[in-house]
Each structure stands twice: as C-alpha cells, then as structure tokens.
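Single-structure report; data block below.
The values are calculated or read from the model by the stated rules, or taken from the named source; none is laboratory data. If you're wondering where the values come from, they're calculated on a predicted model, not measured in any experiment. Glycine also receives a Cβ, built like all others from the backbone with ideal geometry; neighbour counts cover every protein chain displayed.
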Amino acid sequence: MTTHDTTIDPSIDPAGYHRGLIPEVVHHEPATKPVKFYQVGSFAVGNRLLPLEVRSVQSDPNRTNALTSGHRACQGCGEALGARYALDAAMHAADGKIVAVNATGCLEVFSTPYPETSWRVAWLHSLFGNAPAVASGVAAAYKAMGREDIRVVAQGGDGGTVDIGFGCLSGMFERNDDVLYICYDNEAYMNTGIQRSGATPPAARTATTQAVGDEPGNVFGQGKDLPRIAMAHEIPYVATASVADLRDLEAKVHRAMSMRGARYIHVMVPCPLGWGTAASDTLQIARLATQSGIFPVFEAEYGEVVASSPIRRQVPVEDYLKGQKRFAHLFKPKRRDDVIARMQAQADRNIRRYNLLPQGGSPDAPEATEGSL
Amino acid sequence: MRTQIEGSLAVAQAVAACRPQVICAYPISPQTHIVEGLSAIVKRGELPGCEYVNVESEFAAMSVAIGSSAAGARTYTATASQGLLFMVEAVYNASGLGLPIVMTVANRAIGAPINIWNDHTDAMSQRDSGWIQLYAETNQEAADLHVQAFRIAEELSLPVMVCMDGFILTHAVEEVDVPEADDVARFLPPFAPRQVLDPADPVSIGAMVGPEAFTEVRYLAHDRQMQALELIPQVAADFAEVFGRDSGGLVHPYLTEDAETIVIALGSVLGTIKDVVDERREKGEKIGVLGITSFRPFPLRAIEAAIGDAKRFVCLEKAFSVGIGGIVASHVRMAMSTHPIKNYTVVAGLGGRVILKTSLHEMLDKAVTDSLEALTFLDLDTDLVERELARTRADRRSGPAAENMLRDLGTVRAASV
Ligand SMILES: Cc1ncc(C[n+]2csc(CCOP(=O)(O)OP(=O)(O)O)c2C)c(N)n1
Ligand code: SF4
Ligand SMILES: [Mg+2]
C-alpha cells in the first residue's frame, strides 16, 4: 500500500528548469497499486492470485532475462537480484529497446568475465566513476540519430554513485539528460573487499572502519543521502526501493520509464558477504530495514515527495541491526544502547520526514496482509 | 574558402564540416574558442542532428564521448593542459575500447606552477595512452588534420588527438582555406562503426578481460597503430586529391636531402626553425628540418629515411621527461639505432617562453661544431636558478621555489627601471 500527499501543487517547477519536460498532468497515483492478499503472516507476492495483466514482469515466461544465469555473484546477492528485476522491468517498459551502462563494481565484475557474459541487453562498461556521463553520451547519440525509442539505463553501486561518480551524476541530473540511473546500495565498496563509502551507515564495520577501539565501526555525522540530493536537482523522478519489495521496484522502474529526462532510483540491496548475513536472509534483512524506518521507501517528482510506502508492522532498529555481523560490536562484548538509540533516532526521523506511519504508532495488531504491484 | 580567420574558429568550422553528431564541451584556455565556435554553429541550426553537450568536467566530456561513440555517433571534443589530465582515465578507456573519437588538444603547459601558455607537456603525457597523435604546424594544417583525423579514426576504430599549439595557433588570425562540407563529404564516408550498442543485436562492450587475453588485446592496439603508419600517408594523399593541398602525413622534411645537421621538432615552432635554417643555408651551411606530424604512431622508418646520411640531429622539444630529458630525441635515437649519429636535445618554449631566432642561431652554432651539451634548456636564466639553489642551501625553510624566483625577478626588474 502506498499513501500519497495530495497537497502538492501539480505545476511544480518554479525555476523553470525542466522547460517542456513536465508532463501535462503530474501523476499522483502511486507507483504501486494496493492489492490485498489474504495470506496472513506471509509476504508471498502470490502471482497466481492475480489477473494476468497485473502480474509481475518476472512471472512472465517471456521475460527478457537481461541478467541471466551463470554470473558469479555470491549466493543471496541483493544487487544481482535487484539488477535483474530492474533491467527486466526496463526492458519490458521499452519493448526491449534498452542500452545499459554499468559502473565498475560487483555487478560489472560478477556479470562479465568472458565468455560467460550474463547480459542479454546491449551493455557498456567504461569506468568506475563515469557511468552517468557515459549514459548521457549514449542518450545524446540516440537523440542526434533520431533514435529516442532506444532508452538508456545506467547503473552502479553506492560507491560508484554517491562517491566517485557523484560529479558526473550531478551533471547528468542538472542537464536533465534522458537517462534512468539506478544505484544498487549495499552500503560499502564491496567489490574491493568491503570498504566504507559515503553511503555506509554509522557504526557499521567495514575494512576501513573496523570494529576496534572505543567507538568501533563507522562514525556518526557523516555520509550522504543521495535520494534527497537527487531531489534537490528537481529532476522529474526520484524513488527509493528495496529488494524487500520487488514488485514495488518493478513498478517504479515502469513509472520512471514512462517519463523522459533524468530519473533516479536508489535500491537497497543487502550484501551477505559485506553485511555478515546468511545468504538466505537477504530479503528478511532488507525488509527489516524498511519496516524499522532506517531505509525509507518513497517517490518524488520534480523535487517533492509525492508518495511513500508506510511501514506495515514497525520493528525496532535493533531487530535490523542484530542480525548483521557488521553491527555485532553493538551487542557484544558490551551492549551499546547509546549507539543503538542514535540509530533508532535516525529511523524515527525518516518516519517523520516521509510519513511512514500515517496512522501514527505501530500497527502491531495483525491485519489482512497487503502486497503491492 | 580562403578567409582571414582565427585558428580556433577555422578548426571549429572544419570540425562542423565533418558533421559530428555529438560534441562535448568544457572550457579551458587555450581551447575554449573552438567549442565556443561550435556552440554558435550548432545553435544557429547549421548542424542539424548534432547534440552539443555542456558537461561538468573534462572527465565527463571524454565519458560522454565514450558513450556516444559506442552508440554509433560521430563524436568530437576538445581540451588542453589540466583538462587533458583531468580526463586521463577516460582517455585511456576510449582507446582501450577502440572508439574513434576525435579530440583537439590546444597544447598548454601543466602546473604546478599553473601556467596557461603553450608547450607540449600535456599531449606528451598521453603519448602512451593508445591515441593517435597528430601535431599541426600551421592553422591550415590544424583545420585539415581534423578532417583527416575523423577518416583515420573511423577506419581504424581508434581515437585521434589533433595537437595544435595553444595561443600560437589557436588565437592567431591568418589566412586559412577552411575545408567545406561538400568537399569533406567526398573525402569522409559516413561513420560505420566496427562495434556498436544495438538493442536489436545486443553485445557487451567493456567486459573484464583476464591474463588469458589481455596481452592479445593490447597487442592489437599496437597493431592498429602500425596499420595507421600505412593509412596516414594514404589519407593525406586522398586529401590532397580532393582539397588540392598537402597536409598531414607522417613527417614533413625540409631541405634534408644533403643536410649534415637536421633540426627536428613538432608543431608551430617549425616555422621559426625553417626561417633560421633558410638564413643558415644562405651562408652555405648544410642544414635541414624534419617536422614530425604523427607522433603516435611514431614513424621510425620515415624518420630514419629523412635523416639519411646526416651527421647529427637536434631535437627541439617543448616538453621533457623530468629526470632524463628529451622525449622526442629518445624516439629519434631509436629510429637511428642501427647507425647512431650525434644528437642533442634542446628543451625550449616551456610555459610559453618565446623561442627567439637569435637563441636558435646561437644554439645551432654550437650544435654544428658539436660543442653543444647533450641536454640544453634554451635561454635558461641560470642566475635565477643559482639564486634559488643558494637559498635552499642556506635555509632549511627556504619557501616555495616558484614564488621565490618571481620575487627575484620583480626585484631585478624594479632595480633596472
Ligand atoms: C578510479 C577507480 N578507483 C578505484 C577502483 C577500484 N574499485 C573497483 S570496484 C570498487 C568498489 C565498488 O563499490 P560500489 O560502487 O559500492 O559497488 P559494489 O561493488 O559495492 O556493488 C572500487 C573501489 C576503480 N576500479 N577505479
Ligand atoms: S560481495 Fe556482496 S554485492 Fe558483491 S557479489 Fe557478493 S553479495 Fe553481491
Ligand atoms: Mg557498494
């Protein structure tokens, strides 16, 4: 289920940045329409319960398999999962006419060692820090050649996006180039062995913020919130998504693909290796991130939040933290209630900022479960 | 059409005549007038179907160029100096991927100390990047080389850097016969990429390659440059047929046949050197000039042939490899490895230092009598250097050297007024 803030004036673009690019009607419908599933206690999407036309892209036997089997990601890799859903959804939306540009990182490395490239989409990798600009170039070429039916998707990890590729990303946003950029956020530089990035959360242990000393792990008061920075560029579409809700991810890619100009989707993708979680827990961990409020799921158009996914059953941040070895030092040898409280405060701020508990409080009582598509 | 025109604008018009589909622009002196010129051409609607992208950095400029070239669009950008260094990672990537991008480098010094004036340190730093490097002697040649560059790049699937001296050429107004689109169309076929991003026939470009094939990929990069050694003269000959003038090619020998001394250089300084050589010829000295147009690939055989039976060569270089000396000279020595001759490196024109005919004469007086140092810095102010060296000996914390020397110069100048 998704709530919408209907108070926003549809004619948003005071600075006139996106001349001619504002759709006639700014859509305030949610990317995902609520669908009730009567499977209390289960999160299964239940495709078979849905009419054909609203089933997920992945349930289509003719899905493109843009990222097909045979790649070398770790078991349970959230990034591989997210990329597969995102790219297939983009292929679906663009009738297969997609060019993907990839930054260096796990996704690029695990998918391409020849001769087993896993990509069944026209795909280009150039460098770590330039994927947004390369994608701008591809889009410019198609515009010049009158082939704007071919759509461009760029993708990278959090390091490639919030750190080293940030300048190029901001440039692509600012020019409103016709590119959908997808960041797969696993909260560290995984491909080089789990080092801290500008998206690493406080207290997290990485190879460069080790769990030693009086204040183990990453420090507080640093890091950047890229979705909000993206929104500050007043681009047509910014959304966050999570592999915890793949239907929502698909729907957001579809929404993004229905628009032109610079669009950004920031997807939380747990990394079993870097986070110290079991391969089988990827979705569970991702879900705890959204249900605690530590990772808010929302959509924004032209710089303003237009929708957010409410927390279905709120959990304390501690539940999210304690399943991950990168936060183990918060519980052993000494429990760090002070640090856990600071993390909870971040989640609470997200809940307030994005109205993640519209009914207020924690709807702990079991209710008919709801999925979305 | 023959017209009095600034070098940058002539290049802009020549590039436009090649019908580029994507142009990436970022300002840096002395290149900026070129992309400004192109901006006006595109804005006026004279290049329909061309996307002009104002990027946020040179790294982005080359990256946008990589994307657009891989998508099959004819792509152009220009830079200089710090800008070239800022894009280096993408410069190597473009050649590694084999993308036929054409880029002007308006040669300028590299800081620190920051200096906007001409020398060749920027382009020379990229001599191992895998790009073809062509150096223009005049604005006419600069304009012509761009037309040839697209043809060479697209035929070989390799990027080409056209180097022209910053300010000396870019900002000089002189007569240029600017290549026109109709003639260019007869000379330059439409871009037919060897590899292209195509959703109808999807390929992966830029995949990881391990030790099993990396050497072979790199070898092929070298092999394509060796093919360029054949192609560059052919393209120059075809160009002469369509446009009726000689431009480009591998080397420009001037009065070398009977020469005992050959002065070798790249770029616009060749004009001054030729004047000096003419004056010395009048006095009966057997001296000639060899201009190197193609520095990458380096035409070893053509240079060996042009040097022939000369007794010595002097490389006048606008850059040097700190810690060893001449870059061009070491290349030419390689060309002469089977029959080495005496040779001298003269580093000149750094950071815009004017190269005076009198200085060249003085230097050549020594060279022809083999009394020149193996490595000479033309018109080096040794007093200034000595004063700074003395300071560093006297005081542990002698301060920033460049600023110290500027202060010295100020004092000297003030005292002499
Ligand atoms: C210019 C440059 N610097 C550093 C690297 C090394 N490097 C390659 S991938 C990578 C980490 C990628 O992290 P992220 O973007 O978060 O993607 P992930 O692997 O976590 O999916 C780094 C540091 C590089 N390839 N290029
Ligand atoms: S290290 Fe993490 S991001 Fe990389 S392949 Fe493994 S699970 Fe995926
Ligand atoms: Mg990462």
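Quick check, is residue B:381 over 26 Å from the mean Cα position of the chain (by Cα), surrounded by fewer than 16 Cβ atoms within 10 Å (Cβ to Cβ) and closer than 28 Å to residue B:106 by Cβ? Quick ask: steps written out before the conclusion?
Working: over 26 Å from the mean Cα position of the chain (by Cα): yes; surrounded by fewer than 16 Cβ atoms within 10 Å (Cβ to Cβ): yes; closer than 28 Å to residue B:106 by Cβ: yes.
Taking the combined requirement at face value, the residue satisfies it.
Among all residue pairs at least 6 apart or on different chains, which show Cβ distances below 8 Å where the first residue, located in segment A:334-350, is touching a residue at least 40 places away in the same chain (Cβ under 8 Å) and of a type in the set (Val, Ile, Thr) and the second is assigned to a helix (DSSP H, G or I) and surrounded by 11 or more Cβ atoms within 10 Å (Cβ to Cβ)?
Final answer for the pair search is A:339/A:330.
Yes/no per residue for (1) free of Cβ contacts under 8 Å to residues at least 12 places away in the same chain; (2) away from chain A (no Cβ under 14 Å); (3) farther than 22 Å from residue B:355 by Cα; (4) of a type outside the set (A, V, I, L, M, F, W, C):
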{"site": "B:79", "(1), (2), (3), (4)": "no, yes, yes, yes"}
{"site": "B:92", "(1), (2), (3), (4)": "no, no, yes, yes"}
{"site": "B:108", "(1), (2), (3), (4)": "no, yes, no, yes"}
{"site": "B:128", "(1), (2), (3), (4)": "yes, yes, yes, yes"}
{"site": "B:133", "(1), (2), (3), (4)": "no, yes, yes, yes"}
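Given the conditions (1) surrounded by fewer than 24 Cβ atoms within 10 Å (Cβ to Cβ); (2) at the interface with another protein chain (Cβ under 7 Å from one of its Cβ atoms); (3) more than 13 Å from ligand 1 (Cβ to nearest atom); (4) more than 21 Å from residue A:258 (Cβ to Cβ), which single one is not true for residue A:150?
For residue A:150, the failing item is (4).
Could you go through segment A:251-260 and let me know if any residue there is closer than 30 Å to residue B:26 by Cα, away from chain B (no Cβ under 14 Å) and within 16 Å of ligand 2 (Cβ to nearest atom).
No, there is no match, as no residue in segment A:251-260 is closer than 30 Å to residue B:26 by Cα, away from chain B (no Cβ under 14 Å) and within 16 Å of ligand 2 (Cβ to nearest atom).
Based on what the data block shows, is residue B:192 surrounded by fewer than 21 Cβ atoms within 10 Å (Cβ to Cβ), within 14 Å of chain A (Cβ to nearest Cβ) and in contact (Cβ under 8 Å) with a residue 12 or more places away in the chain? Quick ask: steps written out before the conclusion?
Numbers: surrounded by fewer than 21 Cβ atoms within 10 Å (Cβ to Cβ): yes; within 14 Å of chain A (Cβ to nearest Cβ): yes; in contact (Cβ under 8 Å) with a residue 12 or more places away in the chain: yes.
Judged against the criteria, residue B:192 is a match.
Of all residues being touching a Cys at 6+ places or on another chain (Cβ under 8 Å) and more than 7 Å from chain B (Cβ to nearest Cβ) in segment A:119-145, which is nearest to residue B:205 (Cα to Cα)? Just the residue, please.
Going through the qualifying residues, I end up with A:131.
Determine if segment A:162-176 includes at least one residue that is on the phi > 0 side of the Ramachandran plot and either away from ligand 3 (no atom under 12 Å from the Cβ) or in a loop (DSSP other than H, G, I, E, B) (or both). Lay out the reasoning, then the answer.
To start, the set of residues in segment A:162-176 that are on the phi > 0 side of the Ramachandran plot comprises A:176.
From the residues that got through so far, the ones that are either away from ligand 3 (no atom under 12 Å from the Cβ) or in a loop (DSSP other than H, G, I, E, B) (or both) too are A:176.
Taking every residue of segment A:162-176 in turn, at least one turns out to be on the phi > 0 side of the Ramachandran plot and either away from ligand 3 (no atom under 12 Å from the Cβ) or in a loop (DSSP other than H, G, I, E, B) (or both).
Taking the criterion of being of a type in the set (Asp, Glu), modelled with pLDDT of 95 or more and more than 16 Å from residue A:192 (Cα to Cα), would at least one residue in segment A:112-131 satisfy it? Break it down stepwise before answering.
Keep residues of segment A:112-131 that are of a type in the set (Asp, Glu), which gives A:116.
Narrowing the set further to residues that are modelled with pLDDT of 95 or more leaves none.
No, there is no match, as no residue in segment A:112-131 is of a type in the set (Asp, Glu), modelled with pLDDT of 95 or more and more than 16 Å from residue A:192 (Cα to Cα).
Kindly indicate which of A:146, A:193 is part of a loop (DSSP other than H, G, I, E, B) and either under 30 Å from residue A:332 (Cβ atoms) or β-branched (Val, Ile, Thr) (or both).
Numbers: A:146 fails: either under 30 Å from residue A:332 (Cβ atoms) or β-branched (Val, Ile, Thr) (or both).
Only one candidate passes the filter, namely A:193.
Given the condition under 20 Å from residue A:286 (Cα atoms), assigned to a loop (DSSP other than H, G, I, E, B) and within 11 Å of ligand 1 (Cβ to nearest atom), answer yes or no: does some residue in segment A:223-230 qualify?
No; the residues of segment A:223-230 include none that is under 20 Å from residue A:286 (Cα atoms), assigned to a loop (DSSP other than H, G, I, E, B) and within 11 Å of ligand 1 (Cβ to nearest atom).
Among what's in segment B:157-191 and is in a strand (DSSP E or B) and of a type outside the set (D, E, K, R), pick the residue that is nearest to the chain's Cα centre (by Cα).
B:163
In the set A:342, A:313, A:352, which member is modelled with pLDDT under 95 and either in a helix (DSSP H, G or I) or among the charged types (D, E, K, R) (or both)? First the steps, then the outcome.
On the way: A:342 fails: modelled with pLDDT under 95; A:352 fails: modelled with pLDDT under 95.
After applying the criteria, what remains is A:313.
Yes/no per residue for (1) free of Cβ contacts under 8 Å to residues at least 12 places away in the same chain; (2) farther than 28 Å from residue A:153 by Cα; (3) surrounded by 24 or more Cβ atoms within 10 Å (Cβ to Cβ):
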{"residue": "B:19", "(1), (2), (3)": "no, no, no"}
{"residue": "B:42", "(1), (2), (3)": "no, no, no"}
{"residue": "B:45", "(1), (2), (3)": "yes, yes, no"}
{"residue": "B:75", "(1), (2), (3)": "no, no, yes"}
{"residue": "B:102", "(1), (2), (3)": "no, no, yes"}
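Restricting the search to segment B:56-72, which residues are at the interface with chain A (Cβ under 7 Å from one of its Cβ atoms) and surrounded by 24 or more Cβ atoms within 10 Å (Cβ to Cβ)?
Taking segment B:56-72 first, the residues at the interface with chain A (Cβ under 7 Å from one of its Cβ atoms) are B:56-57, B:59-60, B:63-68, B:70-72.
Answer for segment B:56-72, where residues must be at the interface with chain A (Cβ under 7 Å from one of its Cβ atoms) and surrounded by 24 or more Cβ atoms within 10 Å (Cβ to Cβ): B:59, B:60, B:63, B:64, B:65, B:66, B:67, B:68, B:70, B:71.
Among the candidates A:190, A:172, A:231, single out the residue that is within 14 Å of ligand 2 (Cβ to nearest atom) and in contact (Cβ under 8 Å) with a residue 24 or more places away in the chain.
Values: A:172 fails: within 14 Å of ligand 2 (Cβ to nearest atom); A:231 fails: within 14 Å of ligand 2 (Cβ to nearest atom).
Every option except A:190 fails the conditions.
When segment A:68-103 is examined, which residues are found to be within 11 Å of chain B (Cβ to nearest Cβ) and under 21 Å from residue A:191 (Cα atoms)?
A:72, A:100, A:101, A:102, A:103
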